[in-house]
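Written out below as structure tokens is the structure these notes cover.
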Amino acid sequence: MSTHPRFSIALCLALFLVFSAPVPASAGEDWLPLTPDELQMTSEPKAPGVPALYLYRQVDRDDADSREYNYARLKIFTEEGRKYADIEIPFVKGEGNIKNIQARTIHPDGSIVNFDGKVYEKMVVKAKGVKFLAKTFTMPDVQPGSIVEYRYLRLLPEGYVFDSRWLLSEDLFTKRAKFSLNPSSLFDLEWSWPRGLPPGTHPPVMDHHIVRLETQDVPAFQVEDYMPPEDEMKYRVDFRYARILEKDPDKFWREEARRLYRGIDSFTDKHKAMEQAVAQIVSPLDTSEEKLRKIYARCQKIRNTSYEREKTQQEADREKLKSIQNVEDIWKHGYSGNLGINWLFLALARVAGFDASPVFISTRDTHFFNPKLMNTDDLNIGIVLVKLNGKEVYFDPGVAFAPYGILPWEETAARGMRIDKEGATWITTTALDPAISGVQRDAELQLDDTGSLEGRVTVTYKGIPALGHRLDENEADAAERKKSLEDELKGYVPVPIEAELTNQPDWSSSSNTLVAEFHVTVSGWASAAGRRRLLPAELFGGGEKHVFDSASRVHPLYFHYPFTDVDNVTITPPPGWQASSLPQPQHADLKLCAYGLAVENKDGAIHISRRLMMNVEFLEAKYYGTLRNFYQTVRAGDEQQIVLSAVASPH
């Protein structure tokens, strides 16, 4: 979905009315008829060698009745294709639900096995207090040659009209598909197809007040590592609702900015209460930055209801939180959602004498912003811009655990607009400095006679990785957090290791770092070669071992944020052994990325220093070869061998 879970401008505007439009006729009880060709089909000439494909897809969206009917029929060709019998239907907790799931398996002889098993609900992604879930089930008795088909109803929040879209591309080849939209009658509607349409597909048409599209032979969508948001790259049709379909983008955004500003001004216009609050937070002798840091820290102490466990209705009734109408209510009651905390920070900063402005941005985790589309809901996050000592600094204290001056990665280098009573000014939030974020691994290890390593590893997450871990594990218990960190450390090492977390990381603060300490054992790290022992120069290079192996690239390259990873490893050989040959220093610097490796023998121990820097977010596919060559250099440097030799015994 293009909306961000934290805030939706259009949702605030939507009129929550109940309509009585009927379910589409296609959502009836009868399955679509099967053809002999479908039953006996063993391959598809237009998609040779595929393990499975969609014979048919149907999506009937009803924005008048806030629901969407989905139908899918797949043909399974191979053993590998049987994995597509495991169905996942994603949805966002609190934003509708999935109902009326029906499914069946059809064998080539026409015999049918209806699904009557259990439908499970599992967590797919958990971020910023929002749960992305999926209804999951496994189709019965699926073999190569089987057809599986299923259908369901997606119930949407009433008035949920701001995110209508058809995704024409899927991860499998689609022989035929139909899409329809029954629009809401409350707003004007227009549609576009930013990535074009599949070859031979005619644009959508309005037919008796229903928008329709048919397509066929849609290529499978190719997923690649480090690619932009998938939906951004797919064939799709986006729908835009508006009160009035303004044709001039400049005029549209100017009016939207004025409207938004009036709402924020009304919410924050509590000057006397904010003066009293500021007097409790700062001292007259504080510097400007000290004042702003204190205001930021105080706002983060406000109870942030956006990151709390979802309460039952009984729990909510018992607590009886009062509604928040303005920043004075937030200060008085001591709680708010994340957006209210940001506007409290705005109000306090202004009263403290800062030039502060509300800013709406479009996060870049799910889509890329295009102002020409004039979709207000694309500006899905409200943050604050403050002029501090001649510089413009962006703040989002409504993000739990966010360090002062650091935004979540999806809010950095993001397009948006600063608003005031006169209108809007387009801005791009500050890109991250690669020195701010990254992972540092410090290890003190002993090599034994069997070639195994044992010792202590300290992992320091800095900047975005520290914030990301705290957000991801916000609702996890101690055991889950421990396992998460241990599993991540194991992923750094390209061979199996044992890792035990030995400290209690600080999960609850907004510190710029998160420190985890481990006791580790790496079996068989050094290999025997006669009277010598060989060990790779880099211990923690597992994350880069298979990056960009493919010789070709379809999509642009997309990195969430710039970073610098640093490793400092000390390995002490066993008694009677010493380093006899060390790798040559490695250095590669392409300005946007850099790699360095140095190995030295000092006081009988081997010291390995490694640095990997990436200072790019988006790179066109035509530059893939250069980046691939860079990572091949990294792997070659990491795989260099340190040679240990037995020390001759004195006579």
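For the set 270/332; 93/135; 93/332; 93/322, the pairs lying more than 18 angstrom apart at their alpha carbons are 93/332; 93/322.
Using only Cα atoms, figure out Rg for the range 328-450 and give it as a multiple of 2.2 N^0.38 Å.
1.36
Please state, rounded to one decimal and in Å, the Kirkwood hydrodynamic radius that the range 211-252 gives when every pair of distinct Cα atoms enters the mean of 1/r. Show your work: numbers first, answer last.
Working: mean 1/r = 0.0710 Å⁻¹.
Final number for the Kirkwood radius of the range 211-252 is 14.1 Å.
Projected onto its three principal axes, the C-alpha set of the range 235-316 covers 54, 41, 29 Å, listed from the longest axis down.
Entry note, the chain: the mean residue ellipticity at 222 nm calculated from DSSP H runs of n ≥ 4, each adding -39500 (n - 2.57), is -5500 deg cm²/dmol after division by the residues and rounding to the nearest 500.
What's log10 of I(q)/I(0) for the range 9-242 at q = 0.08, 0.10, 0.13, 0.16 Å⁻¹, Debye sum over Cα points only, no solvent? At q = 0.08, 0.10, 0.13, 0.16 Å⁻¹ the computed log10 ratios are -0.31, -0.50, -0.86, -1.32. Put in line by how crowded their Cβ is, counting other Cβ atoms within 10 Å and starting with the fewest, 387, 234, 320 read 320, 387, 234. Between the residues 373, 208, 167, the greatest Cα displacement towards the positive end of the dipole of the chain, with unit charges on the Cβ of Lys, Arg, Asp and Glu, is found for 373. Remind me, relative contact order of the range 274-341 in percent, using alpha carbon pairs under 8 angstrom and six or more residues apart? Computed over the range 274-341, the figure is 38 percent.
Among all the aspartates and glutamates, which ones have a C-alpha under 19 Å from residue 421's C-alpha, if same-chain residues fewer than 8 places away are not counted? Qualifying aspartates and glutamates at Cα under 19 Å: 250, 255, 256, 265, 269, 355. A simple rule links phi to the HN-Hα coupling: the Karplus curve 6.51 cos²θ - 1.76 cosθ + 1.60 with θ = phi - 60°, which for the range 574-588 gives x, x, x, 10, 8, 6, 10, 8, 10, x, 6, x, 10, 8, 9 Hz, with x for Gly and Pro. With both residues required to sit in the chain, DSSP beta bridges show an antiparallel share near 90%. Rg and Dmax of the chain, both derived from C-alpha coordinates alone, stand at 28.5, 101 Å.
Under a 5 Å amide H cut-off, with hydrogens placed 1.01 Å from N, residue 184 pairs with 63, 64 among residues at least 5 apart or on other chains.
Could you tally the net charge around residue 292, taking each other residue with its Cβ under 12 Å from the Cβ of residue 292, Lys/Arg +1 and Asp/Glu -1? Around residue 292, the surrounding residues sum to +3. Where both bridge residues fall in the range 27-185, DSSP classifies roughly 85% of the beta bridges as antiparallel. I need the Debye-formula profile for the range 438-646: one equal scatterer per C-alpha, no solvent, reported as log10 I(q)/I(0) at q = 0.07, 0.09, 0.13, 0.14 1/Å, two decimals. Log10 I(q)/I(0), no solvent term: -0.23, -0.39, -0.80, -0.91.
For residue 108, what is the net charge nearby, where nearby means another residue's Cβ is under 11 Å from its Cβ and Lys, Arg count +1, Asp, Glu -1? Walk me through the intermediate numbers first.
Numbers: positive: 75; negative: 38, 109.
My count for the surroundings of residue 108 gives -1.
Debye sum, Cα scatterers, the range 249-428, no solvent: what log₁₀ I/I(0) at q = 0.12, 0.13, 0.15 1/Å? For the range 249-428 at q = 0.12, 0.13, 0.15 Å⁻¹, log10 I(q)/I(0) is -0.58, -0.68, -0.90.
Coordinate-derived values only; no laboratory data. In this text the structure is predicted, and so the values were computed from the model without any measurement. Note that we place each Cβ from the backbone using ideal geometry, even for glycine, and neighbour counts take in every protein chain shown.
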